[in-house]
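J.: Quick one: the structure is below, questions incoming.
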Amino acid sequence: MIDQRKWLLFAYVLGLSFTNHLTTILLAPGFLFLYFSVFRLSKEGIRQLFILAVPFIVGLSVYIYFPIRTVQQPVLNWGYPATLEEFLACFRQTVPRMDVFRLRRRRRHNGTVF
């Protein structure tokens, strides 16, 4: 049987991979088959799956950085997730292609415009 730490690491890396590209969802059936072939469909297996949800969500927490960075008004801002609606559009990757890298004109401290 595979060590518990390896499953926790796997769940964390899977969460991180979702932040890279959402087509990772296509791997989910295979991963669930692998999981249930090891743990079987039992109460213990389902309980373990809920435990593995924690590191998975920690891996997904990279998305929390989007609104934090948006508040700082960066020059390049992927989809500009300032509101909940825009954040969800970034999460679902439904931002229009021409609008992905908005260049915002802003004043610098020395008075010049970028």
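The values are calculated or read from the model by the stated rules, or taken from the named source; none is laboratory data. As the structure is a computational prediction, the values presented were derived from the model and not from experiment. Methodologically, a virtual Cβ is constructed for each residue, glycine included, from the backbone with ideal geometry; neighbour enumeration extends over all protein chains shown.
J.: So which pairs qualify, if the first residue must be in region 61-76 and outside the structural domain of SER17 (by TED's automatic domain parsing) and modelled with pLDDT under 80, the second must be aromatic (Phe, Trp, Tyr) and exposed (fewer than 13 other Cβ atoms within 10 Å of the Cβ), the Cβ gap must be under 8 Å, and the two must be at least 6 apart or on different chains?
T.: VAL75/PHE114
J.: While we're here: Pairs, please: C-beta under 7 Å, at least 6 apart or cross-chain, first residue at positive phi and in region 80-94, second of a type outside the set (Phe, Trp, Tyr) and modelled with pLDDT under 75?
T.: Here the result reads TYR80/ARG102, each pair linking region 80-94 to a residue that is of a type outside the set (Phe, Trp, Tyr) and modelled with pLDDT under 75.
J.: Evaluate the following for GLU85: is it more than 15 Å from the chain's Cα centre (by Cα) and assigned by TED's automatic domain parsing to the domain that holds PHE31? Let's see the steps before the verdict.
T.: Details: more than 15 Å from the chain's Cα centre (by Cα): yes; assigned by TED's automatic domain parsing to the domain that holds PHE31: no.
In short, no.
J.: Tell me, yes or no, whether region 82-89 has at least one residue that is part of a loop (DSSP other than H, G, I, E, B) and over 13 Å from GLY15 (Cα atoms). Before the answer, list the steps.
T.: Within region 82-89, the first condition is being part of a loop (DSSP other than H, G, I, E, B), and the residues that meet it are 82-83.
Next cut, over 13 Å from GLY15 (Cα atoms) only: 82-83.
Yes: region 82-89 contains one or more residues that are part of a loop (DSSP other than H, G, I, E, B) and over 13 Å from GLY15 (Cα atoms).
J.: If a residue has to be over 19 Å from THR24 (Cβ atoms) and surrounded by 12 or more Cβ atoms within 10 Å (Cβ to Cβ) to count, how many in region 47-78 make the cut?
T.: 7
J.: State the number of residues belonging to region 1-15 that are in a helix (DSSP H, G or I) and either free of Cβ contacts under 8 Å to residues at least 40 places away in the same chain or surrounded by 17 or more Cβ atoms within 10 Å (Cβ to Cβ) (or both). Walk me through it before giving the result.
T.: In the first step, residues of region 1-15 are kept if they are in a helix (DSSP H, G or I); the result is 4-15.
Restricting the remaining residues to those that are either free of Cβ contacts under 8 Å to residues at least 40 places away in the same chain or surrounded by 17 or more Cβ atoms within 10 Å (Cβ to Cβ) (or both) gives 4-7, 10-12, 14-15.
So the count comes out to 9.
J.: Of everything in region 31-46, what is assigned to a helix (DSSP H, G or I) and exposed (fewer than 11 other Cβ atoms within 10 Å of the Cβ)? Give them in sequence order.
T.: Of all residues in region 31-46, those assigned to a helix (DSSP H, G or I) come to 31-39, 43-46.
Those that are assigned to a helix (DSSP H, G or I) and exposed (fewer than 11 other Cβ atoms within 10 Å of the Cβ): PHE33, SER37, LYS43, GLU44.
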